[in-house]
Structure formats: C-alpha cells, structure tokens
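Structure first, then comments.
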Amino acid sequence: CYEAFLFFAWLHLIIQCGEYINIMHPNATHNCSAYRIIENGQEYYKVDDNGEPSGTAGKPIGEIFVTLDVYNVVVVVTRYFGGIKLGAGGLIRNYAKTAKLAVNEAQIVEYIEKKEYLIDFSYGKSNEIDKIVFDEKIEILDRNFDERVSYKMLLSQNQKEKIQEIKDIIVIGV
C-alpha cells in the first residue's frame, strides 16, 4: 500500500532525527518533540514531553504547527536544566516560543508530490526532453541509451504533463 509506505518513510526520518539529536546532545536533560504529517488526507500527529511534566513540552510545540498551519514537519527542542525551575507555565511558554522561532526561521517549502516515471523516446527528441529536464530541474534517476533513449525520473503531475506534450514519446508510471 503506497500510503503505508509513505507513512513509514516519514516515521523512519523522524526516528533518525531523534537519534541524531541524542548523539548531538548526549547530556541534554530533555529532547522534547512533536510532528505533524498529512499524507493523502490522513493526519499523523504526535507529541513527546521526554520526561517534562505532562503537556508542558510536546503539546505546546505541536500547537504551534496548528497555529502556523504547517505540516510535514518535525521539531525537537533540546533543553539543559540550568538549576532554575520554570514551572508548568514557564515550560509551556518557552517550548512554544522556541518551536515558533524554529518554524518561522526555517525555510518552508511547498511539498509537491512526485512519482517515478520511465520516459522512452527517440534520439531526435533528446534536446527537447533535456531542455525540459534542465528548465524544470527534474531529477533523473537513471538513463539508458539503446535503440531508443529512456530516462527514469521523478516527476510532479505538472512536469509529467509538459513531457507528454512532446509527440512520439512514451511515459510509463513505475
């Protein structure tokens, strides 16, 4: 199932992120996190207080995603205890503020779904295809030059339609 694969791919990235943070900050008191993923209309949302009092860390981080209307995002806030107890209100404010700062400072990019396609064409169409590849910054996964040329590439729906406008080419979903 394609949807399940994408969800597990996201989870794998999130787990890797958590492992990376733990390696980078092995002496941190808390690595609190939240993620919000929307894939094929299904929302996946999880928060982790990582030892902070319940609802004082992960939840405020996650609420920032909703407030700012961002998704397909994970934020981990690392805290070192400095000897001053902040209280529940102080923790909530600081975790939310840190998450908001991180999201606002990050480069937010629009997610464009891409799928693998095999494009088969004659050598005479190479310049035309290569121009679209260059102009659209299309990622080519593989190239094969036999009697005809074939490219395996990642295409958005819009990119696929542009390539299909060229006569005498074959576009096959992989």
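The values are calculated or read from the model by the stated rules, or taken from the named source; none is laboratory data. What you see is a predicted model, and the numbers here were worked out from it, not measured in a lab. Heads up, the Cβs are rebuilt from the backbone with ideal geometry, glycines too, and the neighbour counts pull from every protein chain shown. Note: accessible area is taken over every heavy atom of the protein model, side chains too, but ligands, DNA and RNA are not part of it. Shrake-Rupley method; radii C 1.70, N 1.55, O 1.52, S 1.80 Å.
Data overview
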{"read-out": "Mean projection area, nm², convex hull over Cα of the chain", "value": "13.1 nm²"}
{"read-out": "Accessible area of the range 85-153 belonging to carbon and sulfur atoms, whole % at 1.4 Å probe", "value": "50 percent"}
{"read-out": "Set K46/K160; K46/K137; K100/K137; K59/K115; K59/K85; K115/K167 screened for pairs whose C-alpha atoms are more than 25 Å apart", "value": "K46/K160; K46/K137; K100/K137; K59/K115"}
{"read-out": "Per DSSP, loop trypsin sites (Lys or Arg not before Pro) in the range 49-94 with at most 12 further Cβ within 10 Å", "value": "K85"}
{"read-out": "Charge dipole (the range 66-126, unit charges on Cβ, about Cα centre) - positive-most of A96, I108, Y71", "value": "A96"}
{"read-out": "Solvent exposure of the chain as accessible area per residue, Å², 1.4 Å probe", "value": "65 Å²"}
